[in-house]
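The values are calculated or read from the model by the stated rules, or taken from the named source; none is laboratory data. Please read these numbers as outputs of a predicted model, since none were measured by experiment. Methodologically, a virtual Cβ is constructed for each residue, glycine included, from the backbone with ideal geometry; neighbour enumeration extends over all protein chains shown. The area values use the complete protein model at the heavy-atom level, side chains included, leaving out ligands, DNA and RNA. Shrake-Rupley method; radii C 1.70, N 1.55, O 1.52, S 1.80 Å.
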Amino acid sequence: FKLSKISPTPTPTPTLSPGEGSIYGFVKDEDELPLENVLMSLTGPDAGSTLTDEDGYYSFEELAAGDYTLEASKTGYQTHTEDLTLEEDEELEVDTIYLEETPCGSIYGYVVNINGDPVENARLKLRGLRKVKHLKDRAVSDKDGFFEFSKCLDAGKYVITVNKKRYRPAQKTVAIEAGEEKEIGEIV
């Protein structure tokens, strides 16, 4: 018998992805309270999006080194954008992002008949156009014909439709600026 030395099979060395890092941080409101469900979008060599948790925390893992843009957005708040540079293997903690509330816009006015008399219990529907098409609201006129839409409205164009039995339906288009309280006068 001839004995030969058995050489062990070489163990493969794990190949680590070069320069994988992370970007993380917190989002709060102006009162230092954590903001949950803020959409965090990251663009750059790697891209993705995530939502902040109940503590306002977010993180992006396994990122290649390079220049990134981080955007924080939430309905009712001004969008925040930040440019970042991530080095190889860096764990980059972003300074706390504070989101300012967007001023709410509102629309109100009066529903009157052809003689200028108030129309009570008219049903009004509000529908946003173009960039605010996701916004809808309803209102009912009071005994003075007064109505107000209660939702916080973003800047944009809206269509108001008024219906009441035995009256011809009416429609009006209204544009508001950020935070503007707009009285639209009378809808006949």
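Please work out which one of (1) free of Cβ contacts under 8 Å to residues at least 12 places away in the same chain; (2) surrounded by 16 or more Cβ atoms within 10 Å (Cβ to Cβ) is the condition G156 fails and give its number.
Single failed check for G156: (1).
Read through the list (1) open to solvent by less than 90 Å² (accessible area, probe 1.4 Å); (2) more than 16 Å from R127 (Cα to Cα); (3) modelled with pLDDT of 90 or more, then give the number of the only condition that K165 fails.
Among (1) open to solvent by less than 90 Å² (accessible area, probe 1.4 Å); (2) more than 16 Å from R127 (Cα to Cα); (3) modelled with pLDDT of 90 or more, K165 violates only (1).
Which of the residues that make up region 104-119 are surrounded by 14 or more Cβ atoms within 10 Å (Cβ to Cβ) and not aromatic (F, W, Y)?
Within region 104-119, C104, G105, S106, I107, G109, V111, V112, N113, P118, V119 qualify.
If I filter region 68-116 down to residues being of a type in the set (D, E) and in a strand (DSSP E or B), which single residue comes out as nearest to K157 (Cα to Cα)?
Within region 68-116, the first condition is being of a type in the set (D, E), and the residues that meet it are 71, 82-83, 87-91, 93, 95, 100-101.
Restricting the remaining residues to those that are in a strand (DSSP E or B) gives 71, 82-83, 91, 93, 101.
Working: E71: 25, E82: 29, D83: 32, E91: 43, E93: 39, E101: 20 Å.
Among those that are of a type in the set (D, E) and in a strand (DSSP E or B), it is E101.
Restricting region 53-73 to residues that are within 24 Å of A178 (Cα to Cα) and without any contact (Cβ under 8 Å) to a residue 40 or more places away in the chain, which is most open to solvent (accessible area, probe 1.4 Å)?
Step by step, filter region 53-73, then rank; the result is E71.
Filter region 52-67 for residues that are part of a loop (DSSP other than H, G, I, E, B) and either at pLDDT below 95 or among the small types (G, A, S) (or both); which is farthest from I23 (Cα to Cα)? Outline the logic, then answer.
Restricting attention to region 52-67, the residues satisfying the condition of being part of a loop (DSSP other than H, G, I, E, B) are 52-56, 64-65.
Next, from what is left, pick out any that are either at pLDDT below 95 or among the small types (G, A, S) (or both): 56, 64-65.
Details: G56: 14, A64: 11, A65: 11 Å.
Among those residues, the one meeting the criterion is G56.
Within region 132-177, restricting attention to residues that are among the β-branched types (V, I, T) and in a strand (DSSP E or B), which residue is nearest to the chain's Cα centre (by Cα)? Let's see the steps before the verdict.
Keep residues of region 132-177 that are among the β-branched types (V, I, T), which gives 132, 140, 159-162, 173-174, 176.
Filter again for in a strand (DSSP E or B), leaving 140, 159-162, 173-174, 176.
Details: V140: 28, V159: 22, I160: 24, T161: 26, V162: 29, T173: 24, V174: 22, I176: 19 Å.
Only one residue fits best here, namely I176.
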